[in-house]
Amino acid sequence: MREVYLDHSATSPIRPEAFQALQEAALRDFGNPSSLHRKGVDAERIISEAREVVAGALGGEPDEVVFTSGATESNNMAIKGVARALSRYGNHIITTRIEHPSVFETCKQLEEEGFQVTYLHVKQDGMIDLDELREAIIPGTILVSIMHVNNETGIVQPVVQVGTLLKQMREKITFHVDAVQSFCKLPVLPREWGIDLVSVSSHKIGGPKGVGALFIKKGTKIAPIILGGGQERGLRSGTENVPGIAGFGAAVKAAMAGREREASELDALRRRLIEKASAIKGARLVGAVEGCAPHIVNLSFPGLRGELLLHYLEERGVYVSTGSACSSRSRALSRTLTAMGLTSDEAVGSIRISLGWNTTAEDIDYACEALAACVAKLAALVRR
Ligand code: PMP
């Protein structure tokens, strides 16, 4: 049976370049980067090279990149680290209702510790309202955390405008952006855009799992969360994941070398998918055709169950997800979709189809045919 993997927002298969770099580093450069002998120096060199690549992709300097175990850790580090470092100046944090759980749950925990958190609404189009943000800022606001591309819908938040708005404030407010779904797909330029911290992840761009980074602009006040041997300039102790970091660097290099071409090819495939899927009876596009990320399509079939649709598609070798993979373990309705005003019927009937570096036009055509057949089959069952 043909297999079509369309769940790249959950994770992408590893790129050959990344796998090769990972394998070489694991076998050859096995030293501890902290060791003073040659084996340590070789391993340290691997990390430095990857750091340069990741920093370059974000328009920053190598010493502004801290490697982590993934974006969940980067988000925890950014939010808790800034909250701890700046608690003397204020205890107010602003974020949105549509963040990934690694931001949302971290903010919830900080609330229990006495911080005050404002969760911005989103409009029906899934975007935050800049006026609401402006009004939410108070003298005690220390941190704003807003995602760039939403992982369930592909909707892009106006982080450039947020950066400009925050720059105009008299008090300096630290600005963190979760750029997991935009990194290596759209430009992400923290220094130009007034962003202090950016979280990225390796396995969403064709690198290995369990590695990511936090970009920390020079001068940003942040306290370490993980203490120990003082690796990563004291901000993230623990022996570095050298093979993972090597693979991450190679994936970024490959993705950035073809970024504009890959992004425009992805966008063409996404439009092809939207056009074909929109012709299916009962389909509704959540999000927009224009202005969205090139690789995520969220479709709702009100009256059907997205989860059942997922399993029907799986029988035909097509892999998609319902809402976000990270929250699919809980049965609760998607926070993002309900924040956009979708009814529970619409949210339950939603599936996310996400494309990546190895998706082809044939994959899209096959998936759309399968989707049409599965929707018809499921709709007939529901009608009975
Ligand atoms: N933020 C967003 C927007 C994501 O999509 C994800 C992955 N689902 C994460 C954070 C967490 O990344 P990781 O898997 O590297 O911990």
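Within the range 84-105, the set of residues being surrounded by fewer than 24 Cβ atoms within 10 Å (Cβ to Cβ), touching a residue at least 24 places away in the same chain (Cβ under 8 Å) and part of a helix (DSSP H, G or I) comprises Arg84, Ala85, Leu86, Pro101, Ser102, Phe104. Is it the case, given these coordinates, that His8 is at pLDDT 95 or above, within 16 Å of the ligand (Cβ to nearest atom) and either over 29 Å from the mean Cα position of the chain (by Cα) or not assigned by TED's automatic domain parsing to the domain that holds Val149 (or both)? The answer is yes for His8.
Evaluating Met77 against the criteria (1) of a type in the set (A, V, I, L, M); (2) closer than 17 Å to Leu166 by Cβ; (3) within 16 Å of the chain's Cα centre (by Cα) leaves one unmet condition, (2). So which residues in the range 121-143 are assigned to a strand (DSSP E or B) and within 16 Å of the ligand (Cβ to nearest atom)? None; the set is empty.
Evaluation of Leu189 against the conditions (1) aliphatic (A, V, I, L, M); (2) more than 24 Å from His92 (Cα to Cα); (3) within 12 Å of the chain's Cα centre (by Cα) shows that the sole unmet condition is (3). Can you name the number of the only condition in (1) over 20 Å from the mean Cα position of the chain (by Cα); (2) without any contact (Cβ under 8 Å) to a residue 12 or more places away in the chain that Arg134 fails? It is condition (2) that Arg134 fails. On the stretch given as the range 280-293, residues that are surrounded by fewer than 21 Cβ atoms within 10 Å (Cβ to Cβ), in contact (Cβ under 8 Å) with a residue 40 or more places away in the chain and not charged (D, E, K, R) total 5. Taken together, the criteria exclude Arg331 from residues that are outside the structural domain of Ile98 (by TED's automatic domain parsing) and modelled with pLDDT of 95 or more. Taken over the range 59-80, the criterion of being within 16 Å of the ligand (Cβ to nearest atom) and not hydroxyl-bearing (Ser, Thr, Tyr) is satisfied by Val65, Val66, Phe67, Gly70, Ala71, Glu73, Asn75, Asn76, Met77, Ala78, Ile79, Lys80. Could you tell me whether any residue of the range 249-262 is in contact with a Pro (Cβ under 6 Å, 6 or more places away or on another chain) and in the same structural domain as Asp29 (by TED's automatic domain parsing)? Taking every residue of the range 249-262 in turn, none turns out to be in contact with a Pro (Cβ under 6 Å, 6 or more places away or on another chain) and in the same structural domain as Asp29 (by TED's automatic domain parsing). Within the range 196-231, the set of residues being of a type outside the set (S, T, N, Q), farther than 28 Å from Val160 by Cα and away from the ligand (no atom under 16 Å from the Cβ) comprises Leu227, Gly228, Gly229, Gly230. In this entry, Ser69 is excluded by the filter for residues that are more than 17 Å from Asp178 (Cβ to Cβ) and modelled with pLDDT of 95 or more.
Does Met169 count as surrounded by 17 or more Cβ atoms within 10 Å (Cβ to Cβ) and of a type outside the set (Val, Ile, Thr)? Can you show your working first?
Numbers: surrounded by 17 or more Cβ atoms within 10 Å (Cβ to Cβ): no; of a type outside the set (Val, Ile, Thr): yes.
Spelling it out, it is not the case that Met169 is surrounded by 17 or more Cβ atoms within 10 Å (Cβ to Cβ) and of a type outside the set (Val, Ile, Thr).
The residue of the range 347-374 that is nearest to Thr96 (Cα to Cα), among those that are assigned to a helix (DSSP H, G or I) and touching a helix residue (DSSP H, G or I) at 6+ places or on another chain (Cβ under 7 Å), is Ala347. Against the numbered list (1) over 19 Å from the mean Cα position of the chain (by Cα); (2) part of a loop (DSSP other than H, G, I, E, B); (3) touching a residue at least 40 places away in the same chain (Cβ under 8 Å), Gln23 comes up short only at (2).
A Cβ distance below 6 Å, combined with a sequence gap of six or more or placement on separate chains, defines the contacts here; from the range 342-370, residues that are of a type in the set (D, E, K, R) reach residues that are modelled with pLDDT of 95 or more and surrounded by 14 or more Cβ atoms within 10 Å (Cβ to Cβ) in the pairs Asp345/Pro302; Glu346/Ser300; Glu346/Pro302; Arg352/Glu152; Arg352/Asn298; Arg352/Ser321; Asp363/Val4.
The values are calculated or read from the model by the stated rules, or taken from the named source; none is laboratory data. Please read these numbers as outputs of a predicted model, since none were measured by experiment. Note that each Cβ is placed from the backbone with ideal geometry, even for glycine, and that neighbours are counted across all protein chains shown.
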